[in-house]
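What follows is a set of notes on a single structure, which appears directly below.
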Amino acid sequence: MAEPYPKHSYPKLSAHDLTRTFGRGPGAVDALGPLDLSVAPGEFLCVVGPSGCGKSTLLRIAAGLLRPTTGTLEIRTAGPRPAAMIFQDYGIYDWKTVRANVRFGLDVQRVPRREANARADDWLARMGLADFAGAYPATLSGGMRQRVAIARALAVEPEILLMDEPFAALDAQLRVILQDELLDLTQATRTTTLFITHSLEEAIVLGDRVLVMSARPGRIIAERRPPFPRPRTGDIRATPEFTALKGELWDLLRREAVPA
């Protein structure tokens with residue numbers, strides 16, 4: 001049978017008629033879907049939506065941490081480490097040094113220690129953490145801890161990066177700094193990324209595409225492509241196009257907001 005389209009154009013991640021329900025019977029909660037989406041190789045896809053719409057549920061299905069109730073989600077990769085996930089709460093180990101945390105995925109892959117340390121130290125240098133390789137997470141600020149989490153994820157050279165509101169717990173100034181750092185990193189590596197966020201600014205700065213989800217059960221109700229070529233910088237925040245798109249996305253989300 002002929003291939004439906006050339007291999008190079010296959011999406012890295014695709015979901016078809018995806019749903020997730022929690023519980024059974026009268027108390028069951030339809031959290032997600034039905035939902036269809038695809039993420040192209042090298043694409044940075046951002047997903048925004050009202051609280052409780054199933055954004056994080058979608059990401060956990062992609063990471064293999066949850067099973068869909070119906071439908072499918074497929075990841076098409078060739079490497080030994082197809083995906084890496086970065087959580088909102090850092091997810092790093094307090095009893096391991098910064099270098100050991102960054103090296104963790106490489107240790108799981110049984111990468112030789114000398115090579116693993118070299119790769120960990122390279123990413124620590126890229127994230128401005130070289131001087132803290134021997135420190136423990138408890139001595140680091142929140143922003144530094146999130147840098148460790150990003151370095152750990154990227155050190156394994158994943159084909160897909162899954163990010164669940166990684167900057168939500170940070171103050172506004174630090175959040176902007178890390179947004180710009182992540183923008184530089186992902187533009188350099190062209191890692192396929194699925195990024196969940198509540199921040200419209202974050203989605204517009206980082207994303208090649210922005211998908212808007214409805215209130216629960218979450219479905220895709222709109223798609224927008226930020227009109228900014230790559231490579232781009234955080235300076236786009238000051239443009240009229242940025243302001244206009246942010247306002248348009250906010251109008252879409254406001255209609256979906258669920259009253260308290």
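What is the fewest-to-most order of W250, W123 by other Cβ atoms lying within 10 Å of their Cβ? If I rank by nearby Cβ atoms, fewest first, I get W250, W123. The listed peptides 55-61, 103-109, ordered by packing as a protection proxy, come out as 55-61, 103-109 (highest mean of other Cβ atoms within 10 Å first). Sorting I160, I221 by the number of Cβ atoms found within 10 Å of their own Cβ, with the fewest placed first, yields I221, I160. Take the alpha carbon gyration tensor of the stretch 86-167, find the square roots of its eigenvalues, order them as a ≥ b ≥ c, and report rounded if a/c is under 1.5; if not, report prolate when a/b exceeds b/c, else oblate. Here the stretch 86-167 falls in the oblate category.
Where only DSSP H runs of four or more residues are counted, the chain gives -11000 deg cm²/dmol as its mean residue ellipticity at 222 nm, each run worth -39500 (n - 2.57). The Rg/Rh ratio of the chain, with Rg taken over Cα atoms and Rh as the Kirkwood radius over Cα pairs, comes to 0.97.
Axis of helix 113-126 versus longest Cα principal axis of the chain: the two differ by about 70°, to the nearest ten degrees. Distance between the pseudo-spin-label points of A125 and T70 (7 Å out from Cα toward the beta carbon): 5.3 nm. Please find the FRET efficiency linking A78 to E115, where r is the Cβ-Cβ separation and R0 is fixed at 25 Å, and quote it to the nearest 0.05. Here the calculated transfer efficiency is 0.75. Highest mean packing comes first when the peptides 163-174, 201-212 are listed by Cβ atoms within 10 Å, giving 201-212, 163-174. Taking Cα atoms only, the orientation of helix 142-155 departs from the longest principal axis of the chain by about 90 degrees. Taking the C-alpha atoms only, the angle from helix 240-256 to the longest principal axis of the chain is near 60 degrees. Taking other C-beta atoms within 10 angstrom as a stand-in for reagent exposure, K246, K12 fall in the order K246, K12, fewest first. Between the stretch 217-253 and the stretch 89-132, what's the alpha-carbon centroid distance in Å? If you average the Cα positions of each part, the centres end up 34 Å apart. Multiplying the residue separation of R237 and R225 by 0.36 nm and removing their Cα-Cα distance gives an extension gain of 2.8 nm. When peptides 237-244, 140-147 are sorted by average Cβ neighbour count within 10 Å, with the highest value leading, the order is 140-147, 237-244. Enumerate the aspartates and glutamates that K12 could reach by cross-link, defined here as Cα to Cα under 19 Å, with residues fewer than 8 away along the same chain left out. The qualifying aspartates and glutamates are E3, D36, E43, E74, E157, E159, D164, D208, E223.
Each value in this text was obtained by applying a stated rule to the coordinates, not by laboratory testing. Remember, predicted model here, so these are calculated numbers, not experimental data. Ideal geometry is used to build each Cβ from the backbone, glycine not excepted, and the neighbour counts take in all protein chains shown.
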